[in-house]
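Trainee: One structure is given below, represented as structure tokens, and several questions about it will come after.
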There are 2 protein chains.
Amino acid sequence: MAGQRRQPRSRPETLARRRDIVDAAVEIFGSKGFTGGTLQEIADQVGMTHAGILHHFGSKHALLLEVLTHRDETDVADLEEQHIPDGMPLFRHLVRTAFINAHRAGIVQAYVVLSAESVTDDHPGRDFFQKRYESLRGEIAHAFAVVCAERGIDEPETIGYASAAILAVMDGLQVQWLLDPSAVDLGRATEFAIEAIVDSVLSPAPSPLAE
Amino acid sequence: MAGQRRQPRSRPETLARRRDIVDAAVEIFGSKGFTGGTLQEIADQVGMTHAGILHHFGSKHALLLEVLTHRDETDVADLEEQHIPDGMPLFRHLVRTAFINAHRAGIVQAYVVLSAESVTDDHPGRDFFQKRYESLRGEIAHAFAVVCAERGIDEPETIGYASAAILAVMDGLQVQWLLDPSAVDLGRATEFAIEAIVDSVLSPAPSPLAE
DNA sequence: GTCTATAAGTAGATAGAC
DNA sequence: GTCTATCTACTTATAGAC
């Protein structure tokens, strides 16, 4: 019932224009948020009027969904794209992504701002992020299962917690890094945390918090 | 140069009214964000007009700062308040806070939304959150130092990464939990992650990611 | 496909009555 | 201390010319 008209728009010039707009929208929504960013600002950046934007996407709401879905090459944790690594290589891939992201503040900020903003009431991106996290947790849990199988060990029931926690550290460190890049080493801190969590799943230790 | 007039406002009725407004603001900013929430909505909730709000706080901007600073009893990770635990009890305290927060979606959402929104350009809450994270990282790092001293071990240089990572998992898990409470066990996942990170600092293991 | 013009609504803030 | 009234500014979206 909602938005599906892909074929009819194949004119090359038009597609390029749409890409320009989406790129500009990533930057504006990233730096101002979805609510705070305006079509006017996006239009200015791409050199047209806000009416032009609406001609292409119909509404601000629809533009956001396009931004979230259609990020293409420029994405933060490019798991779902292309050939996803699995097993241990997935964890290495996540760490590598963090190091790369340390040089892409713009796109990182867009995801940080939009994902957190999506928890607000009736936010148009809520469904997208809910499904995204569910999917990513599933991929990470699967990687844990593969690693356990390789080593012939039973899958600990901590896999679910660990999968959520890995995504969580990645996101949370990005917030702190964006607020003060000099105080947080995004790559190394992510690497440390993922290693700690993976190790804890594979080699459970008695809780250091026990009294 | 900015905002300091505490003494002159001591009338009991007025103070109570201001508290009502701040409480309402936490709820509205939490559910709609700072940019998305309006003075009108806050005013409705407290039973007055938006002009009344401005009489008390001067501007929306100032009201947000009051919300962030003056949260009093209702706070998410009540570290800086009262007698802060130190050493190992601090980590237990953080875990306990996560379990408690699982029953306070409102205030959790307020902090999630506002902290992420604060990374946007010229956000009035940016300075607050920057200093808050810096302070919290320092407290956690100190707890690590205390624990290391107690055990007579050298302080690993991973303490900095671990401190940021602990705050990060707490924040990141809150986002996933708010988006889908049934998919994430906020308390247990936080407990698992903090245990993993603390253990990794105290008993460093060879990286499981090494090829 | 992009523009101008404008609609229709809402925002935060101010002024002054009560 | 709270209200009404108003201001100015800006938002998304639509209509129609080019």
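Trainee: Assuming R0 = 51 Å, what is the FRET efficiency of B:ARG19 and A:SER203, from their Cβ-Cβ distance, to the nearest 0.05?
Mentor: That gives a FRET efficiency of 0.55.
Trainee: Any chance you could check region A:181-195 for residues losing 50 Å² or more of accessible area when the partner protein chains are in, compared with the chain on its own (1.4 Å probe)?
Mentor: The answer is A:PHE192, A:GLU195 - residues whose exposure falls by at least 50 Å² when every protein chain is included.
Trainee: Are there GluC sites (Glu not before Pro) in region B:124-185 that DSSP puts in a loop and that have at most 14 other Cβ atoms within 10 Å, and which ones?
Mentor: Counting only loop positions with at most 14 other Cβ atoms within 10 Å, the GluC sites (Glu not before Pro) in region B:124-185 are B:GLU157.
Trainee: Which shape class, rounded, prolate or oblate, goes with the protein assembly as shown when its Cα gyration tensor gives a ≥ b ≥ c as root eigenvalues, a/c under 1.5 marks rounded, and past that a/b bigger than b/c marks prolate?
Mentor: It comes out oblate by the Cα gyration axes.
Trainee: Next up: Per residue, how much accessible area does chain B have with a 1.4 Å probe, in Å²?
Mentor: About 46 Å² of surface per residue is accessible.
Trainee: First check a/c for region B:97-146, with a ≥ b ≥ c the square roots of the eigenvalues of its C-alpha gyration tensor; if it is under 1.5, answer rounded, and if not, answer prolate when a/b is larger than b/c or oblate otherwise.
Mentor: oblate
Trainee: Now for a separate question. Can you give the mean number of other chain Cβ atoms that lie within 10 Å of the Cβ atoms in peptide A:107-116?
Mentor: 4
Trainee: So, one more: Do the sum for the protein assembly as shown: with -39,500 (n - 2.57) for every DSSP H run of n ≥ 4, divided by all residues, what is the mean residue ellipticity at 222 nm, to the nearest 500 deg cm²/dmol?
Mentor: Mean residue ellipticity at 222 nm (helix-derived): -22000 deg cm²/dmol.
Trainee: Take each uninterrupted DSSP H stretch in chain B, measure its Cα extent along the helix axis, and return the ones at 27 Å or beyond whose mean Kyte-Doolittle hydropathy is at least 0.5.
Mentor: What comes out of the filter, once short or polar helices are dropped, is B:159-179.
Trainee: Working out 0.36 nm times the residue gap between B:ARG104 and B:SER135, then minus their Cα-Cα distance, what length gain in nm do you get to one decimal?
Mentor: Additional length available on full extension: 8.8 nm.
Trainee: Got the relative contact order for chain B handy, in percent, Cα pairs under 8 Å and 6 or more residues apart?
Mentor: 20 percent
The values are calculated or read from the model by the stated rules, or taken from the named source; none is laboratory data. This one's a predicted model, so the numbers in the text were calculated from it and none came from an experiment. Counting neighbours? That spans all protein chains shown, and the Cβs are built from the backbone with ideal geometry, glycine included. These area figures cover heavy atoms from the full protein model, side chains too; ligands, DNA and RNA do not enter into them. Shrake-Rupley method; radii C 1.70, N 1.55, O 1.52, S 1.80 Å.
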